[in-house]
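To start, the structure itself, in C-alpha cells.
The values are calculated or read from the model by the stated rules, or taken from the named source; none is laboratory data. A quick note: this is a predicted structure, and the numbers were derived from the prediction, not measured. Here the Cβ is made from the backbone with ideal geometry for all residues, glycine too, and neighbour counts use every protein chain on show.
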Ligand SMILES: [Fe+2]
Ligand SMILES: [Fe+2]
C-alpha cells in the first residue's frame, strides 16, 4: 500500500503542477493583453513601449499555441476562463475585463500568425468608447469591417442570467444532492449490517455530481449552506464531498480526480460507523475517554474501507489523514509528524468548514459563513495548508452563495454569485429589513456604483433561523 500511495501522490502532484503552470501562462498572456491595450492609450502606435508589450503578448500566445489551435479566453459571470480553467485576475486584468463587458465582448481568441501590428490595431479599437460601438451597430459589426485575421471575439454570455443561475439551476443540483444522501445512507447501513457495499452506485452518484459541479459550482455550494438538523450525519458527508469537489474543480484538477475527491469526501467519516452511536451523537461536551474513542474514527475508517472491494485507495488515505492537521492536536499521531496527501488536505479543509458552519442539534446557533472563513484564515498557518485556504476563500467568497446579508440600505439580500470583489457579491434582494419576507426579484451586484459611491454594501450576516427566512425555497 505504501508504494501505491506514493505513486498516486506523485501523479496527482504532477498533473496539479502542470495545470498550475498552464494557468500561470494564461494569466501572463492576459496580463500582456491588458498592458498592450493600456499602453495604446498612452503612446502613439510606433512607440517602442507599445510595440514591446505587443511583442511580449505575441510570444506568450505562440508558446501556448504549441499545444493548441487557438488561445481562447472567456468571461463568464465576472470570472476569467482560459479554456475550462478559471484564471485568477488582479486589478489591471479586471479593468480589461470590465472594458470587454461594457462593449458586450464575452471573450477573445488568438490564432496562429498573430502579429504585434494586429494587436496594436486591435488595442486602438478597444480603447474607443462603448458609445462608439453602440452607434456602429455593436462590436461584431465594427469588427467585421476591420481586418483582424488572427483575432476573434466571443459573443457576450449574458452575465445576469449566469448570476441568477445559482438559483435557477438549484433544482438539478438539489436532485443529485438528495441522490448523494441516499447513497451515503445505503453505504452506512450496508457497513452496519456487514453487507456488500454497492460501490458502483456510489461511483455513478459521484460522476453525476462532478458533471453538475462543473456546470454550476455556485448552485452546489448554495446547497451546502442549507443545514439539515435531522439528517446531519449524512448531510455532513455530502456537504464535505461537495466542498472538496468544488475546490478540486477550482484548482483545475481533472474530472477523474474530482470524482476521487467526491468518494473520499463522502467516506471520510465512515469510521464512525464502528464507534458506539451514543458517543458519536452525544450532545454537549465529551469526556476524555469519549474523546479518545472519537479519535479512533480515522483508523477505523481506513480499516472499514480496506474491506470494501472497488473503493478507491485514496478514500482510505483521506479517511486516515483527515484529522492529522499540522499541530499537536491532530490525530492519529504518527512518527515524524504527518505528511499529508493533497487530497487529505482538501478534504480536511472542506470537513472543517462544514463542521464549523453546521447547525447541529446541540449547538444553540450556527457560526455564520463569514466567521467560519475568518476561523479558517486565522488557522491557515497552523492547521491547514495556507495556499489551499486562500484558494478556498477565493472560491467560496467571504459571503458564500446562500448567505443572508444585511445591507446598509436596510434591505436583506441572499448571496447568489461571487464577483471579482469578495466583499461585493451579487445578491437577490429579499425584503426591507423592517418588513416581512418578500422576494423583490431584483438580482443586484454590490459592485454597482452611482457617481463613484457604492449603491449597497454589506453590514453583516443574518442567521436564517433568527430572521425566520426559509433560504431553502430560493435555492431548491
Ligand atoms: Fe472526521
Ligand atoms: Fe467529518
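Residues that are within 13 Å of ligand 1 (Cβ to nearest atom) and modelled with pLDDT under 90 within the range 279-303 comprise just one, 280.
Residue 349 fulfils the conditions (1) buried (at least 16 other Cβ atoms within 10 Å of the Cβ); (2) within 15 Å of ligand 2 (Cβ to nearest atom); (3) under 27 Å from residue 223 (Cα atoms); (4) more than 24 Å from the chain's Cα centre (by Cα) except for a single criterion, (4). For the range 309-329, the candidate set comprises residues that are touching a residue at least 40 places away in the same chain (Cβ under 8 Å) and not in a helix (DSSP H, G or I); within that set, the residue that is surrounded by the most Cβ atoms within 10 Å (Cβ to Cβ) is 322.
I'd like to check something: does the range 122-140 contain any residue that is part of a helix (DSSP H, G or I), at pLDDT below 80 and under 30 Å from residue 273 (Cβ atoms)? For the range 122-140, residues part of a helix (DSSP H, G or I), at pLDDT below 80 and under 30 Å from residue 273 (Cβ atoms): absent.
Considering each residue of the range 266-278, count those that are more than 15 Å from ligand 1 (Cβ to nearest atom) and touching a helix residue (DSSP H, G or I) at 6+ places or on another chain (Cβ under 8 Å), and give that number. First the steps, then the outcome.
First, the residues of the range 266-278 that are more than 15 Å from ligand 1 (Cβ to nearest atom): 276-278.
Going one step further and asking which of them are touching a helix residue (DSSP H, G or I) at 6+ places or on another chain (Cβ under 8 Å), we end up with 276.
Final tally of qualifying residues: 1.
Among the helices (runs of 4 or more DSSP H) confined to the range 241-308, the ones with at least 2 residues that are in contact (Cβ under 8 Å) with a residue 12 or more places away in the chain and away from ligand 2 (no atom under 13 Å from the Cβ) are located at 255-267, 297-306. Going by what's in this entry, would residue 423 be described as surrounded by fewer than 19 Cβ atoms within 10 Å (Cβ to Cβ) and within 28 Å of residue 219 (Cβ to Cβ)? The answer is yes for residue 423.
With respect to residue 332, determine if the residue is within 13 Å of ligand 1 (Cβ to nearest atom) and within 30 Å of the chain's Cα centre (by Cα). Spell out how you get there, then give the answer.
Working: within 13 Å of ligand 1 (Cβ to nearest atom): yes; within 30 Å of the chain's Cα centre (by Cα): yes.
Spelling it out, residue 332 is indeed within 13 Å of ligand 1 (Cβ to nearest atom) and within 30 Å of the chain's Cα centre (by Cα).
Checking each residue in the range 378-405 for being modelled with pLDDT of 85 or more, more than 16 Å from residue 354 (Cα to Cα) and assigned to a loop (DSSP other than H, G, I, E, B) picks out only 385.
Is at least one residue of the range 147-155 in a helix (DSSP H, G or I) and either crowded, with 18+ Cβ neighbours inside 10 Å or modelled with pLDDT under 80 (or both)? I'd like the intermediate steps shown before the answer.
To start, the set of residues in the range 147-155 that are in a helix (DSSP H, G or I) comprises none.
Checked the range 147-155: no residue is in a helix (DSSP H, G or I) and either crowded, with 18+ Cβ neighbours inside 10 Å or modelled with pLDDT under 80 (or both).
When residue 218 is tested against the conditions (1) over 30 Å from the mean Cα position of the chain (by Cα); (2) crowded, with 24+ Cβ neighbours inside 10 Å, the lone failure is (1).
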